[in-house]
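What follows is one structure encoded as structure tokens, with my remarks underneath.
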Amino acid sequence: MKTSALTRWLEPRPDSLAAHDLRMGRSPWTHAVHLVWSVWVFLTPAFSGGAFGFTARWALLTLASYPLFLWLYAMTLVAAPRKAHACALGMVGLCLALLPWYPSGLSYFVFGCVMLQPRRSRSLLGYFALLAVLNVALAAYARHIGYPWQAVVWMPVVTVVVGAVVAVDRINREREAVLKLSQDEVRRLAALAERERIGRDLHDLLGHTLSLVALKSDLAGRLVERDPQAARHEIGEVSRVARDALSQVRRAVTGIRAAGLAAELASAKLLLETDGVAFRYAADDASLPPQVETVLALTLREAVTNIQRHARASLAEVSLAASPREVTLRVRDNGAGGAIAPGNGLTGMRERVEAHGGRLRIESAPRQGTQLEATLPISGEDHDGSQDAPVPSEEGTVGAT
């Protein structure tokens, strides 16, 4: 029962800071690292001495106030904006209430000021104005109760600097969220446009053909007794039209399923540069068979995904070199490198390349990055000499992983 109540108490509200982090795929409790700075609650008495040193009064006030401070800080993360703002003000109030007997409470003031940050960037001017008012009030109150000016003169600097750093970090995270949403929207619109194009192509391709098949089938049915020769001719026409339609559908599906290198290069640039990895590429102009281009595009996609997830690189380079007989794709990064554990993605990449008569080579040295090289023959035949099927296998679809 107690555990369940605690879980409900810590459950982030939909518009809280913690909920925003969860939507972005980050742990909401990374904010807890800032609590390291609350160590000043326990260090301040060492610099105060006298009646404000490590006394029994300090110990009792710490036992009473520090758990309350932790609760207020947690609520600024999981509560709705209005309640979180009130809890931040509560930390400021806790400092002012304890200040006559408890200099360690100045740390509560800093945390309260930082967590008073607005949720929108356009309110930053108002936020810093509020910090100025609170710091003036603190300085006046501290001087009134006998604190030396040296004890409070550093508070405005600390609150403004720490508040600015946290605000800039929050603004950058908001921009990342907006960018991610825009990328998701671009992908959604692209998928929608592609579905509409496929629908139009299939309608234009099959609508007339199927109407013609139905018309000639009806005509053959009426002629089969009256004029068998004409009926056979119409049936032959139906067979010819059906074969032509099948051939056109196969060509259309091949185009639909093929992954284009140009699209994958653009996607790789967007993915890596969004993640802070510089991306360079150079590609020869070459007309590649659809299945060869699809294999290279899927290889590039897997390689770029591995760089983004695992390499910890700052630069990625892609080159495509083609000769009359073969084409070579190279993907290189300057990341951590080291031993590569073969997984499903790498295994699928190798199998896909080798199934088309190509070869895959990967070189990776610790702290020297990784280079992947995929070479494929430019021909209409697989490695066993058989002709390519009109429709690519499921491995060659755009959605393969």
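Coordinate-derived values only; no laboratory data. The shown structure was predicted, so the numbers you read here are calculated from the model rather than taken from an experiment. As a convention, Cβ positions derive from the backbone with ideal geometry for all residues, glycine included, and neighbour counts pool all protein chains shown.
Each label was represented as a point 7 Å from its Cα along the Cα-to-Cβ direction; for Ala80 and Ala214 these points are 5.7 nm apart.
Taking the beta-carbon count within 10 Å as an exposure proxy, list Leu360, Leu372 from fewest neighbours to most.
Leu360, Leu372
Mind listing the long-range amide H neighbours of Val327? Cut-off is under 5 Å, sequence gap 5 or more, other chains count too, H placed in the peptide plane at 1.01 Å from N. Counting only residues 5 or more places away or on other chains, the set is Leu376, Ile378.
Summary of packing: across the peptides 277-285, 90-98, 293-301, 315-323, the per-residue average of other C-beta atoms within 10 Å ranks them, highest first, as 293-301, 90-98, 315-323, 277-285. For Arg173 and Arg367, what is the calculated FRET efficiency with R₀ set at 41 Å and r taken between the beta-carbons, to the nearest 0.05? The calculated FRET efficiency here is 0.85.
Of the chymotrypsin sites (Phe, Trp or Tyr not before Pro) found in the range 72-167, those that fall in a DSSP loop while having at most 11 other beta-carbon atoms within 10 Å are Trp154.
Sorting 217-227, 159-169 by their mean Cβ neighbour count within 10 Å, with the most densely packed peptide first, gives 159-169, 217-227.
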